[in-house]
1. Starting from residues that are within 14 Å of chain B (Cβ to nearest Cβ) and open to solvent by 20 Å² or more (accessible area, probe 1.4 Å), keep the ones in region A:62-96 and report whichever is farthest from B:I50 (Cα to Cα).
2. Hey, among B:L99, B:L107, B:L89, B:L49, which residue is within 14 Å of the chain's Cα centre (by Cα), open to solvent by less than 30 Å² (accessible area, probe 1.4 Å) and modelled with pLDDT under 90?
3. Filtering region B:67-92 down to residues that are in a strand (DSSP E or B) and over 14 Å from B:G102 (Cβ atoms), which residue is nearest to the other protein chains (Cβ to nearest Cβ)?
4. Name the single residue that is farthest from the chain's Cα centre (by Cα) among those in region A:16-35 being surrounded by 12 or more Cβ atoms within 10 Å (Cβ to Cβ) and among the hydroxyl-bearing types (S, T, Y).
5. I'm checking my understanding of the structure. Among residues of region B:93-111 that are more than 12 Å from chain A (Cβ to nearest Cβ) and of a type in the set (A, V, I, L, M, F, W, C), which one is farthest from B:E15 (Cα to Cα)?
6. I'd like to know if region B:25-32 contains one or more residues that are outside any loop (DSSP other than H, G, I, E, B), surrounded by 12 or more Cβ atoms within 10 Å (Cβ to Cβ) and among the hydrophobic types (A, V, I, L, M, F, W, C).
7. Among A:S49, A:S80, which is the only one that is hydroxyl-bearing (S, T, Y) and in contact (Cβ under 8 Å) with a residue 40 or more places away in the chain?
8. Only one residue in B:K63, B:K55, B:K71 is surrounded by 14 or more Cβ atoms within 10 Å (Cβ to Cβ), over 30 Å from A:H47 (Cα atoms) and in contact with a Phe, Trp or Tyr (Cβ under 8 Å, 6 or more places away or on another chain), so which one is that?
Amino acid sequence: NAGVTQTPKFRVLKTGQSMTLLCAQDMNHEYMYWYRQDPGMGLRLIHYSVGEGTTAKGEVPDGYNVSRLKKQNFLLGLESAAPSQTSVYFCASRTGQASNQPQHFGDGTRLSIL
Amino acid sequence: SQKIEQNSEALNIQEGKTATLTCNYTNYSPAYLQWYRQDPGRGPVFLLLIRENEKEKRKERLKVTFDTTLKQSLFHITASQPADSATYLCALGPGNTPLVFGKGTRLSVIA
């Protein structure tokens, strides 16, 4: 099993460009999450999904949109990229929402906005 | 406000010693607390979970304690090795909500 796969691994964008980050999991998990990780800030939750067709806002949702059309995929979109969105983005999934469930992470997408 | 604090940004120890990392939280009442390991360029990997009614949990050279009175968890690595060098994150989730992570402690084990 691949677990959680994120594509692309690296990307450089210009301010104002748009892009979509893809997260795919093969563990049949209901819950999926998008975090960003910045030096000194730790992991911060952007958006999450509690099942196919659902999305919810996290701590830092502004400037991002998400979609969960299929259970195994969770897409993160930047409609008009800004330099403040330069970060490492991590996707995670878990089988249940209860806090006794571990989260499984992908290896991240490193995004630079010039 | 709710906070999770890992009180050391970085910790250097000698090989063979026990590393102790601290996670403190305020304004949460978690039923569980989790610890993750993150290597450079990789995503966090789950290590251990401890319940509020467990004082201590062990897995090989790892030991976690959970004191709900002090609102603190300690993470110990005994007989540390250079391969244990990584960033360690604590995380908790109040009820059925997404996990909230501490900023992590970067551990360096020096041979």
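The values are calculated or read from the model by the stated rules, or taken from the named source; none is laboratory data. Quantities reported herein were computed from a predicted structural model and do not represent experimental measurements. Quick reminder, even Gly has a Cβ in these numbers, built from the backbone with ideal geometry, and neighbours come from all protein chains shown. Calculation scope for accessible area: heavy atoms of the full protein, side chains included, ligands and nucleic acids excluded. Shrake-Rupley method; radii C 1.70, N 1.55, O 1.52, S 1.80 Å.
1. So the residue we want is A:V66.
2. B:L99
3. The extreme case among them is B:A86.
4. A:Y31
5. So, considering only residues that are more than 12 Å from chain A (Cβ to nearest Cβ) and of a type in the set (A, V, I, L, M, F, W, C), the one farthest from B:E15 (Cα to Cα) is B:L107.
6. no
7. Matching residue, one of A:S49, A:S80: A:S80.
8. Selected residue: B:K63, the only one of B:K63, B:K55, B:K71 that is surrounded by 14 or more Cβ atoms within 10 Å (Cβ to Cβ), over 30 Å from A:H47 (Cα atoms) and in contact with a Phe, Trp or Tyr (Cβ under 8 Å, 6 or more places away or on another chain).
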